[in-house]
Amino acid sequence: MTREFLKEGNTVIAVGRAMVGLNVLDGHSQLCPWPCDLQKSSPREIAKDILESFPNLNVLVNNAGIQRSYESLSTSISETEISEELYLNFEVPIQLTNQFLPHFFSQRAAAIINITSSLAMAPKRSSPFYCATKAGLQTFTQALRYHCERSSVKVIEVVPPLVDTNMTRGRGSGKISPAVVAKSVLDGMRRDEDVIFIGKSKLLRTIMRVAPSIGYAIMKDK
């Protein structure tokens with residue numbers, strides 16, 4: 001997605017935990033690597049520091065996330081594991097949105113892009129906490145859109161299917177590439193879509209409308 005935004009001539013502040021990953025796109029004059037661990041840093045301080053350096057910022061992409069799989073919940077899962085998943089997937093995007101939104105309201109045009117998941121529509125057995133956070137983020141995004149409908153801020157939800165990333169290594173099949181997702185996001189933005197369904201998530205949306213029990217059964221053991 002960073003590459004796609006750069007192609008369009010945007011300045012991109014790429015937030016990541018390590019410079020090693022951020023340096024993959026080194027050489028782009030409009031790329032600004034911003035090393036930061038969202039699990040450990042204050043959203044208020046992140047927003048304050050970024051806006052001091054980039055006062056014309058007008059797009060926030062909430063994309064960071066953790067998905068842990070559990071074969072069974074019959075044994076105790078650590079509070080830390082659960083808290084980390086709930087915090088990064090759900091609370092961080094809400095807190096960052098809250099910090100950037102007042103600034104965005106002052107811009108001529110702005111956008112908040114929240115990456116949810118097809119699992120927000122129909123959960124799977126092995127990742128109950130991840131599914132809950134994505135469903136919650138989906139609801140938050142819809143409510144935020146109502147809040148911003150008379151403003152200059154566009155609120156966009158991106159609903160990808162299973163994407164081939166480090167997070168999904170060894171899980172499932174039929175994955176799509178991050179490049180396909182990124183291009184679909186930009187295409188959806190050009191079409192002024194509020195919700196951008198990508199790949200198989202389009203089919204799941206239709207199934208959940210006409211026969212939700214089938215959709216739940218399909219996704220249950222993904």
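The table below lists the values:
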read-out: Inter-probe distance in nm under a simple model that places probes 7 Å from Cα toward Cβ, at residue 187 and residue 151; value: 3.1
read-out: Förster radius 30 Å - calculated FRET efficiency between residue 164 and residue 220 (Cβ-Cβ, nearest 0.05); value: 0.85
read-out: Cβ-based exposure ranking for 118, 69, in which fewest neighbours within 10 Å come first; value: 69, 118
read-out: Estimated dipole of region 36-220 in Debye, rounded to 20 [Cβ of Lys and Arg +1, of Asp and Glu -1, Cα centre]; value: 760
read-out: Computed lengthening from residue 87 to residue 51, 0.36 nm per intervening residue step minus Cα-Cα distance; value: 10.7 nm
read-out: Kyte-Doolittle mean at least -1.0, axial Cα span of 24 Å or more - DSSP H helices of the chain; value: 128-148
read-out: Global geometry of region 36-220, whether rounded, prolate or oblate, following the gyration tensor of its Cα atoms and the 1.5 cut on a/c; value: oblate
read-out: Inter-label distance, nm, simple model (7 Å from Cα along the C-beta direction), residue 30/residue 8; value: 1.0
read-out: Global form of region 1-121, assessed from the alpha-carbon gyration tensor, a/c cut-off 1.5; value: prolate
read-out: Relative contact order, percent, the chain [alpha-carbon distance under 8 Å, six or more residues apart]; value: 18
read-out: Förster radius 22 Å - calculated FRET efficiency between residue 40 and residue 79, Cβ distance, rounded to 0.05; value: 0.80
read-out: Coil-residue GluC sites (Glu not before Pro) of region 1-94, DSSP, other Cβ within 10 Å capped at 12; value: 8, 71
read-out: Amide H partners (placed H, <5 Å) of residue 111, local residues excluded; value: 59, 60, 154
read-out: Whichever lysines have a C-alpha closer than 17 Å to that of residue 202, once near sequence neighbours (fewer than 8 apart) are set aside; value: 134, 175, 183, 222
read-out: Dipole of region 36-220, positive direction: furthest Cα of 100, 86, 140, with charges on the beta-carbon; value: 140
read-out: Separation of alpha-carbon centers, region 62-82 and region 33-56, rounded to whole Å; value: 26
read-out: Likely footprinting exposure, 70, 146, 130, fewest C-beta neighbours within 10 Å first; value: 146, 70, 130
read-out: Highest-fluctuation residue, 127, 41, 78 considered, GNM on the chain with Cα pairs under 10 Å; value: 78
read-out: Per DSSP, loop GluC sites (Glu not before Pro) in region 139-199 with at most 12 further Cβ within 10 Å; value: 149
read-out: Relative exposure of 36, 131, judged by other C-beta atoms within 10 Å (fewest first); value: 36, 131
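Values quoted throughout were computed directly from the atomic coordinates according to the rules given, and no laboratory measurement underlies them. The structure displayed is predicted, hence computed values, not measured ones. Quick reminder, even Gly has a Cβ in these numbers, built from the backbone with ideal geometry, and neighbours come from all protein chains shown.
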